[in-house]
Amino acid sequence: MGKEFLNLMDPDDVKKIIDSLNIKRKIENVNLSDAYQRVLAEDVYAAIDLPPFDRASMDGYAVRAQDTFGASEDNPITLDLIEKIRAGDVPSKKVEKGTCSEVGTGAPMPDGSDAVVMVEVTDIKENKVDILEAVTPGTNWAIRGSDIEKGKFLLSEGTLLTADKIGALSAIGLDKISVFTKPTVAVISTGNELIKPDEELQHGKLYDINSESISNAVKSCGCIPLASTIAKDDYISIKNKIDQYKHADVIITSGGTSAGAGDVLRQVVDDIGEVLVHGISVKPGKPTLIGTLPEGDVDVILFGLPGYPVSALMIFHGFVAPFLRGVAGVKKFMEKKEGSVLKLSRRYHSARGRSHFVLVKIEEDIAHPILKDSGAITALAEADGYFEVPKNVEIIEKDEEINVMPLSGL
């Protein structure tokens, strides 16, 4: 695509380009115990009837309903108790005229019975049960398959497996389930000045922030971050590091995206792939790069974020996170949780012509803008979320309502 750097694009146009990107989804079988917050890769149908047998819904006595007709506190009807059945037992006697069986909640209904009289409306004396209230057939018991019949549809492909959904799968006896493999995301920080937290901090050096912050943001989108790493600010180092992680579905770099002499990511991607975006009309995060790298019959998606931690995280949340949530299959679930409408604590001025991402601290349902530059690490420590100012808005007044997005995910 040539060598034109920082050809600023409208954020909406960039989002359309991102929406057109895709990765090949893979499927794996996992134990149900490991399926929490995974995404179903197939429709699921009930393998058994639920309940799998006629069962009592209350503690009480299984009866023939017709034997209770006319019963009341003033005119109890007495039945012979022939058996006690608890959950997990197998009934051995048939309920016939003038008899009943004691049943616990969830216990199988004995043959011959068609209703359960609650224990609260009975009196028992030895093996005799006084019925103080009449019941009709079907009272207080569930027929086999009344919840769902064997072979009927239960859950659809694309369902996020939350605790309740896993409970439903457990009920039909599944121990393994097909889910989409979580997309893998390599996280690479670039910069000659960067060192790992376990290294001694020398003059001119900085601890790498983006590796950990972006890796954990990747996790919140339902993806797996690969071991984060640091590359030097030179062509060979960056190219070698990208080549090392081309087995990933997505590569996220930070730093090396502007037009400075040491910022060579654009040159690397131009040579080994295709640059789709280099420069977005946003603040912070203008020098963002998006490209594709051919790898076999698929393309690896590369997002080149700015080096400043605030800029990197803002671009991640504004542009990369929706893409990752989509390919991980959790976007719909996440969208239900996103955004809180809050009032702004003070007037906010935005530069003309560029969208702004503004970090905020939330106190008593009021959003306080954090007015620090994109290199200020304390801004991340203070932030509870952020809001977006459209490019055609210059002033947001105090007490005006804004939509505050969280900085966390799954």
Within region 62-103, can you find the residues that are within 17 Å of residue 139 (Cβ to Cβ) and open to solvent by 10 Å² or more (accessible area, probe 1.4 Å)? 64, 66, 67, 69, 70, 71, 72, 77, 102
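Looking at region 44-57, which of the residues that are open to solvent by 70 Å² or more (accessible area, probe 1.4 Å) and of a type outside the set (Lys, Arg) is nearest to residue 157 (Cα to Cα)?
Going through region 44-57, the residues open to solvent by 70 Å² or more (accessible area, probe 1.4 Å) turn out to be 45, 53, 55.
Remaining after also requiring of a type outside the set (Lys, Arg): 45, 53.
Working: 45: 11, 53: 28 Å.
Per the criteria, the residue is 45.
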Do any strands (runs of 3 or more DSSP E) lying entirely in region 123-188 carry at least 2 residues that are under 17 Å from residue 34 (Cβ atoms) and touching a helix residue (DSSP H, G or I) at 6+ places or on another chain (Cβ under 7 Å), and which ones are they? 176-180
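Residues are listed down the side, and each one gets a yes or a no for (1) within 30 Å of residue 35 (Cβ to Cβ); (2) buried (at least 19 other Cβ atoms within 10 Å of the Cβ); (3) of a type in the set (Gly, Ala, Ser):
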{"site": "303", "(1), (2), (3)": "yes, yes, no"}
{"site": "309", "(1), (2), (3)": "no, yes, no"}
{"site": "314", "(1), (2), (3)": "no, yes, no"}
{"site": "332", "(1), (2), (3)": "yes, no, no"}
{"site": "353", "(1), (2), (3)": "no, no, yes"}
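Any residue that is open to solvent by 30 Å² or more (accessible area, probe 1.4 Å) and either at pLDDT 95 or above or not hydrophobic (A, V, I, L, M, F, W, C) (or both) - is there at least one of those in region 249-257? Lay out the reasoning, then the answer.
Going residue by residue through region 249-257, those that are open to solvent by 30 Å² or more (accessible area, probe 1.4 Å) are none.
For region 249-257, residues open to solvent by 30 Å² or more (accessible area, probe 1.4 Å) and either at pLDDT 95 or above or not hydrophobic (A, V, I, L, M, F, W, C) (or both): absent.
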Can you pull out every residue in region 366-383 that is at pLDDT 90 or above and of a type outside the set (Gly, Ala, Ser)? 366, 368, 369, 370
Pairs needed: first member in region 388-404, more than 21 Å from residue 314 (Cα to Cα); second member anywhere, open to solvent by 70 Å² or more (accessible area, probe 1.4 Å) and assigned to a strand (DSSP E or B); C-beta distance under 8 Å; at least 6 residues apart or different chains. 399/343; 400/343
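Applying the selection to region 395-410, what residues are in a loop (DSSP other than H, G, I, E, B) and modelled with pLDDT of 90 or more?
From region 395-410, those in a loop (DSSP other than H, G, I, E, B) are 397-400, 407-410; that's our starting set.
Answer for region 395-410, where residues must be in a loop (DSSP other than H, G, I, E, B) and modelled with pLDDT of 90 or more: 397, 398, 399, 400.
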Within region 342-354, identify whether any single residue is part of a strand (DSSP E or B), within 27 Å of the chain's Cα centre (by Cα), over 21 Å from residue 317 (Cα atoms) and at pLDDT 90 or above, and answer yes or no. no
Among the residues in region 146-154, are any crowded, with 18+ Cβ neighbours inside 10 Å and in contact (Cβ under 8 Å) with a residue 40 or more places away in the chain? yes
Only one of (1) in contact (Cβ under 8 Å) with a residue 24 or more places away in the chain; (2) of a type in the set (Val, Ile, Thr); (3) open to solvent by less than 70 Å² (accessible area, probe 1.4 Å) does not apply to residue 370, and that is (1)
Of all strands (runs of 3 or more DSSP E) completely enclosed by region 1-97, which ones contain at least 3 residues that are more than 30 Å from residue 302 (Cβ to Cβ)? 60-63, 77-85
What is the number of the single condition among (1) open to solvent by less than 50 Å² (accessible area, probe 1.4 Å); (2) more than 30 Å from residue 173 (Cβ to Cβ); (3) over 48 Å from the mean Cα position of the chain (by Cα) that residue 135 does not meet? (3)
Testing residue 237 on (1) of a type in the set (Gly, Ala, Ser); (2) without any contact (Cβ under 8 Å) to a residue 60 or more places away in the chain; (3) touching a Ser or Thr at 6+ places or on another chain (Cβ under 9 Å); (4) not in a helix (DSSP H, G or I), one condition comes back false. Which one is that? (4)
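The values are calculated or read from the model by the stated rules, or taken from the named source; none is laboratory data. Keep in mind the model is a prediction, meaning the values are calculated, not measured. When we count neighbours, we look across all protein chains shown, and the Cβ atoms used for this are built from the backbone with ideal geometry, even at glycine. Just so you know, the surface numbers come from the protein's heavy atoms only, side chains and all, with ligands and any DNA or RNA stripped out. Shrake-Rupley method; radii C 1.70, N 1.55, O 1.52, S 1.80 Å.
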